[in-house]
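K.L.:
If you scroll down you'll find the structure; I have some questions about it.
The values are calculated or read from the model by the stated rules, or taken from the named source; none is laboratory data. What you see is a predicted model; the values in this text were computed from it and never measured. Backbone-built Cβ (ideal geometry, glycine too); neighbour counts: all protein chains shown. Side chains are part of the model used for accessible areas, which takes the heavy atoms of the whole protein and leaves out ligands, DNA and RNA. Shrake-Rupley method; radii C 1.70, N 1.55, O 1.52, S 1.80 Å.
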Amino acid sequence: MVPPVQVSPLIKFARYSALLVGMLYGKTRYDYLKPIAAEERKRENEEKKKREELERIAKELAEASEDSILK
């Protein structure tokens, strides 16, 4: 086996700097997108409730018209 090569301190510094910058960028990006996603989830839940309510009403109307005496 070949012994490991000594890596330049400049290259080590650049690698760890890039790692830290990437972590900081990810954190700021996450903090930026989190409230937007929360608002979208809130809006989707409201739309889902409205859709379920309309489906429930349509189902009740369909059942009411099925049970009519005028068959």
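K.L.:
Would you work out which of Leu54, Ala64, Ser8 lies farthest towards the positive end of the dipole of the chain, given +1 charges on the beta-carbon of Lys and Arg and -1 on that of Asp and Glu, about the Cα centre?
P.N.:
Result: Ser8, furthest along the dipole toward the positive end.
K.L.:
Taking 35 Å as R0, compute the FRET efficiency from the Cβ-Cβ separation of Leu61 and Glu39 and round it to 0.05.
P.N.:
So the FRET efficiency works out to roughly 0.55.
K.L.:
About its Cα centre, what dipole magnitude does the chain give when the only charges are +1 on Lys and Arg Cβ and -1 on Asp and Glu Cβ, stated in debye to the nearest 20?
P.N.:
Here the chain has a charge dipole of around 760 debye.
K.L.:
How much area per residue is accessible in the chain when the probe is 1.4 Å and only protein heavy atoms are counted (Å²)?
P.N.:
Ligands and nucleic acids excluded, the result is 103 Å² per residue.
K.L.:
Helix 9-66 against the longest principal axis of the chain: what's the angle in degrees, Cα atoms only, rounded to the nearest 10?
P.N.:
0
K.L.:
Keeping the other protein chains in place, figure out the carbon and sulfur percent of the accessible area of the chain, with a 1.4 Å probe.
P.N.:
Taking all protein chains in place, the chain shows 64 percent carbon and sulfur surface.
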